[in-house]
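First up is the structure itself, then whatever we jot down about it.
What follows draws every value from the coordinates through simple rules; no lab data is involved. Keep in mind it's a predicted model, so treat the numbers as computed, not measured.
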Amino acid sequence: MAHLPLWTIYEPWGWGTADAGRALGYLKRFGSVTVLNGHIHQIIQKVEGKVTFHTAASTAFPQPAGTAPAPGPMKEVPAADLRKYLGIRSVNYVRSKGTPALTDSTLVA
């Protein structure tokens, strides 16, 4: 688990980290690696070799997908729509089954 993505998603906004290569180097000895992170407040997935990366939605405020002039909360979201942009991720792992099962859901009732 990491706060920042361990792959560069959008460098101008700091959506990545310079020491990710070193961190991932420690994980090379494993046959399969799942990296879970937040920070960017969006659901994005990527597979690179034996590593699967998953970012998660926000429980606090939505953030635009690299299309705004700067990172930060989306301020133009109508109050009635806000819960569509916020979410929770559940992770279930059964050792003998291999990869974890991730379920993302919005806060819409």
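Which whole-number percent is the relative contact order of the chain (Cα, under 8 Å, 6+ apart)? Relative contact order here is 19 percent.
Taking a straight line from the alpha carbon of LYS46, these lysines sit under 27 Å away, with near neighbours fewer than eight places off in the same chain left out: LYS28, LYS84, LYS97. A straight chain from PHE30 to ILE43 at 0.36 nm per residue would run longer than the Cα-Cα distance by 2.2 nm. Going by amide H atoms built from the backbone, whose H comes under 5 Å of the H on THR34, apart from near neighbours? Hits under the 5 Å cutoff: THR52. Using the rule -39500 (n - 2.57) for each DSSP H run of four or more residues, divided by the residues of the chain, the 222 nm mean residue ellipticity is -2000 deg cm²/dmol.
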